[in-house]
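Only the coordinates and a few stated rules stand behind these numbers; no lab work does. Just so we're clear, the structure is a prediction, and the values are computed from it rather than from any experiment. Backbone-built Cβ (ideal geometry, glycine too); neighbour counts: all protein chains shown.
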Amino acid sequence: MAQGRVRNTSSLSRTALPLIDIQHVSYSYPLPAHHPHDVAIAPALQDISFSIEQGEYVALLGHNGSGKSTLARLCNALLLPDQGAVRVQGMDTRDQVKQRQIRECVGIIFQNPDNQLIATLVEDDVAWSLTLAGYAAPTIRARVDQALAAVGIEQLRYLAPHNLSGGQRQRVAIAGLLALRPACIIADESTSMLDPLSRQEMVSILTQLHHDQQLSILHVTHLLEEVLHAQRVVVMEQGRIVQSATPEVVFADLERLRELRLVIPEPLALAERLRLAGWSVARSALTLSEIASEIQGAVHARRTW
Amino acid sequence: MQDVHGSGGEAHSVQDAIIKVEHLSHRYDTGIQPQWTLRDINLTIERGRCCALIGFNGSGKSTLIQHFNGLLRPTEGRVVVDGIDVGRRGTDLRALRQRVGLLFQFPEAQLFESTVFADVAFGPRRMHLGRHEVRTRVQTALDLVGLPHGEYGWRAPFTLSGGQRRRVALAGILAMSPSVLILDEPSVGLDAEGRAEFYMYLRRVQREQHVTIILVSHDMTEVAMLAEWLFVLHHGQLVLQGSPRTVFAQTEELRSWHLAVPPLHELLHTLRQQGVAIPSDILTLDETFAFLIGGVCI
């Protein structure tokens, strides 16, 4: 569906190529061997075209099974498209020679950090992929120090990952990616196993990395409150992209988001109901403090009136 | 949907206590130095109610619930569950565990049989019940969680969705007819739809089977929807208990215990700080809306 992209990405430092360029991609998971032939399974992705610019922060929103994780896995050659093409900095993901380079450029953090932590010490884990790539010891040391500092876990470097909390382990996973100096980080539902406060911390780390290091971020989530900081929100449903716009535009139609089986955060629902009841609460108020000051303003207006 | 919160008088008068914990302390002796994970806990849980234990990682929630079905014994103090003293030597733990069902985190990972029916029947069969009794119990349990046995009984668990598999695990416990049901982070990893369904069936179980439900969670929104009474643990101590209304009013304290208040309550807190007079007993979205529309005085 052609939805107008309101905030133009031209303000970003635009290189000739988008960082990740997906053209008319379709993908179906291979059927299990014993699957009956007469039962068709809908493809996970159908004719997706989508791109992420250098330094852009994109949120990929959709409920379970909408295809968002599949799309994320296509971005660094974990899955290869059935039709169409995925290019990362111009490199086709089907080119096996380039796959290693592509994965160094685009890193994924998954839902469960335990699936990607392997070493017995935090700093060893962060150094792991650098060691595999054959970097010299002083370089490894410098990069590990920087990566740990970037996510604020220098003090945990000599601890064992299994002794850390979920939020801390996710930070170790991010540091492991940062050590490779990627251009893009994909967070695939990486907050869904965390408690609410660690979740907020995780979002602010991503925002900060985007801001300080000009990293591209693709944040895959089903939680509306996590997409507020994105420059662009891409909404998926049944393997298709149904909307691509700024958070303000996406949040303007809450009814539609409900239809897409997403949970509306209560403060937003309250603002919507007050607006329908005739209160002047601006649609652009999305964060908690914005909504609070809008409601406060409306209350004051009513009193003087 | 009934209002589960009822009249939340803070004087916690318990008529019929199903769980009684007196001066419970627990120490893990593993590791270099022994660690106290629970210190002098006193609480009572009323029969047929739904209550919640909340606390940050490492606050002692899991240690506490493991006392309720005898996986751990108290180092000091006493735990009495449905008349059974958990700490006493010679206690029939088997009988205790049939009465107290414990649903771990990600219970769907524990499904192992080739059909849904066989998986749910595993517990009742171990109880040496007759064939007909097993069949009736399995069918009732599956119907109760919204997976009619005729349609789902013969399917393999891996053909179901995540939310459905979790309900199969719940049915496996219900088939043992427990009087207490403990759920450890029951909604983690489920999407909005799976979550809403799971809650709906959980409420039904509470209403129809009069099972006492104990939720362990750090998701306050979930707790606000389901529980009538909250216990807040911090560093192994019971720091606060009360109805959701009174507990959520303590925004600052909850933050200091690393707990996040539900977003709506945070909004109300901000509004109060900005001088909008919102009474402290407002809890739900409907109440907030009605109050604001009904006229606010500052």
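Observations
- A full extension of the chain between B:Ala109 and B:His128 corresponds to an added length of 4.3 nm, given 0.36 nm per residue minus the alpha carbon distance.
- At 0.890 mPa s and 25 °C, Stokes D of chain B from Kirkwood alpha-carbon radius, µm² per second: 119
- A simple spin-label model places pseudo-atoms 7 Å from Cα toward Cβ; at B:Asp281 and A:Ala269 they are separated by 2.3 nm.
- Å³ per residue enclosed by the Cα convex hull of the stretch B:106-162: 84
- A crude spin-label estimate for the pair A:Leu197 and B:Gln237, with each label 7 Å from Cα along the Cβ direction, gives 1.7 nm.
- Neighbour-count ranking [beta-carbon atoms within 10 angstrom, fewest first] of B:Glu228, A:Glu259, A:Glu189: A:Glu259, B:Glu228, A:Glu189
- Arranged from fewest to most other beta-carbon atoms within 10 Å of their beta carbon, A:Ile186, B:Ile45 become B:Ile45, A:Ile186.
- Local charge for B:Arg167 was computed over the other residues whose Cβ lies under 10 Å away, with Lys and Arg +1 and Asp and Glu -1, and equals 0.
- Dividing the Cα radius of gyration of the protein assembly as shown by 2.2 N^0.38 Å, with N the residue count, gives 1.04.
- 14 Å beta-carbon shell around B:Val134, net charge (K/R +1, D/E -1): +2
- For the stretch A:137-215, the fraction of alpha-carbon pairs lying more than 20 Å apart is 30 percent, rounded to a whole number.
- Neighbour counts of other Cβ atoms within 10 Å put B:Ser187, A:Ser51 in the fewest-to-most order A:Ser51, B:Ser187.
- Each of B:Val120, A:Gln99, A:Val88 was scored by the projection of its Cα onto the charge dipole of the protein assembly as shown, and the greatest displacement toward the positive side belongs to B:Val120; charges sit on the C-beta of Lys, Arg, Asp and Glu.
- Mean residue ellipticity (222 nm) of the protein assembly as shown, computed from DSSP H runs ≥ 4 via -39,500 (n - 2.57), nearest 500: -11000 deg cm²/dmol
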